[in-house]
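Enquirer: First, the structure itself, so that you have it in front of you.
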Amino acid sequence: MTKNVLITGGSRGIGLGIARELAKAGCNLAINGVREVKNVTEVLEELEKLGAKKVIYCQGNIAVPKERERIVVQVLEAFDQLHVLVNNAGVGPQKRLDLLQTTEESYDRVMDINLKGPFFLTQKIAQHMIERSSENVSCIINISSISATTASVNRGEYCLSKAGMSMMTQLFATKLGEYNIPVYEVRPGVIETDMTAKVLQKYQEMINEGLTLQSRIGSPKDVGKAVLALIEGKFPYSTGQVIMVDGGLTIPRL
């Protein structure tokens, strides 16, 4: 069965890595992002060439209620039924500040995009999935970060948003269990994206010194493969669980 999938923040970074893997598997894709459609045309064409049966672009900021509603309407008009929601859209603080200097403006921006928006988008999509739950093909996947449990005092608002998403996964898994709609959390480590570009050299040096067990920086493709396995139903009895994609970074060692 061809899956219809909405990926927030799906036109770049980890989201695009996910989209590429799902396109190869023949999924129908709704790609959400904030950029104008003219700036993502090449991405959409690439996904079609990779094998996606149908690709649409849903421009909008998931942190804004009216835009979030518009995204849902556009997806359901195009696909009638949504089988999979991938909550991937997220931002880091525009300026990394020490915990004692973090501003309310930065806190609100990060939390609105990384947690509030995904929460209410999931609420809306979950209601749709419940209405179609007899078909038993739906799932929700939240892309969090090792920052959910690994403290970074120069981006505390980001850590809080990802810790919140981790609990959000458990909450929706609990609520949707009776409808046989699994909810998963995929937790990436250091992944090479636009967000990490400025600190990539620092991370590479740390990896060279043993930060991770697998001695390389992760790629969006690594995350995409994990998401594909979940969508294909290869973890049917694991709702609410965390899938780590961090090269062994978070394993405690002596």
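A short reminder: the numbers here are calculations on the coordinates, not readings from a lab. Keep in mind it's a predicted model, so treat the numbers as computed, not measured. Note that we place each Cβ from the backbone using ideal geometry, even for glycine, and neighbour counts take in every protein chain shown.
Enquirer: Work out which GluC sites (Glu not before Pro) in the chain are exposed loop sites (DSSP not H, G, I, E or B, at most 16 other Cβ within 10 Å) and give the longest gap free of them.
Expert: 37-208
Enquirer: Which is the longest stretch in the chain that no exposed loop site breaks, taking sites as trypsin sites (Lys or Arg not before Pro) with a DSSP loop state and at most 15 other Cβ atoms within 10 Å?
Expert: 96-215
Enquirer: Near Lys225, which aspartates and glutamates are there with a Cα under 17 Å away, not counting those fewer than 8 places off in the same chain?
Expert: Glu21, Glu185, Glu192, Asp246
Enquirer: What is the dipole size for the chain, taken about its Cα centre, with +1 at each Lys and Arg Cβ and -1 at each Asp and Glu Cβ, in debye to the nearest 20?
Expert: 240 debye
Enquirer: Lys and Arg at +1, Asp and Glu at -1: add these up for the other residues within a Cβ distance under 12 Å of Thr102 and post the number.
Expert: With Lys, Arg at +1 and Asp, Glu at -1, the neighbours total -1.
Enquirer: Go through region 193-204 residue by residue and turn each phi into a ³J(HN,Hα) via Karplus (6.51, -1.76, 1.60, θ = phi - 60°); whole Hz please, and just put x for glycine and proline.
Expert: Ordered by residue, 3J(HN,Hα) equals 9, 4, 5, 9, 3, 6, 10, 5, 4, 4, 5, 4 Hz.
Enquirer: Run lengths n ≥ 4 of DSSP H only: what is the helix-derived mean residue ellipticity at 222 nm for the chain, with -39500 (n - 2.57) per run over all residues, to the nearest 500?
Expert: -12500 deg cm²/dmol
Enquirer: Which three lengths, in whole Å and largest first, does region 9-50 cover when its Cα atoms are put on their principal axes?
Expert: Here the Cα extents, ordered largest to smallest, are 26, 18, 14 Å.
Enquirer: Here is a further query. At a Förster radius of 41 Å, what calculated FRET efficiency corresponds to the Cβ-Cβ distance of Thr174 and Leu200, to the nearest 0.05?
Expert: 0.65
Enquirer: Right, next: Regarding region 4-245, what whole-number volume in Å³ per residue does the convex hull of its Cα atoms give?
Expert: 123 Å³
Enquirer: Next question, about the same structure. Label-point separation (nm) for Leu213 and Glu46, each offset 7 Å from Cα along Cα-to-Cβ?
Expert: Placing both labels 7 Å along Cα→Cβ, they lie 3.1 nm apart.
Enquirer: Taking Cα atoms, how many degrees apart are the long axis of helix 41-50 and the longest axis of the chain, rounded to 10 and kept between 0 and 90?
Expert: Tilt of helix 41-50: around 70 degrees.
Enquirer: So for region 159-254, what are the equivalent ellipsoid semi-axes in whole Å, largest first, each being the square root of 5 times an eigenvalue of the Cα gyration tensor?
Expert: Three semi-axes, in Å: 28, 14, 13.
Enquirer: Turning to a different aspect of this structure: Residue by residue through region 97-111, which ³J(HN,Hα) values in whole Hz follow from phi under the Karplus form 6.51 cos²θ - 1.76 cosθ + 1.60 (θ = phi - 60°), with glycine and proline marked x?
Expert: 10, 4, 3, 7, 10, 4, 9, 5, 4, 5, 4, 5, 4, 5, 5
Enquirer: Still on this structure: On a straight-distance basis, which lysines could pair with Lys221 in a cross-link, Cα separation under 25 angstrom, same-chain partners fewer than 8 positions away excluded?
Expert: Counting by Cα, and skipping residues close in sequence, Lys221 has these lysines nearby: Lys3, Lys24, Lys38, Lys49, Lys53, Lys54, Lys162, Lys198, Lys202, Lys234.
Enquirer: Taking the chain as the reference, fit the longest principal axis to its C-alpha atoms, fit the long axis of helix 13-24 to the helix C-alpha atoms, and give the angle between the two in degrees, 0 to 90, nearest 10.
Expert: 40 degrees
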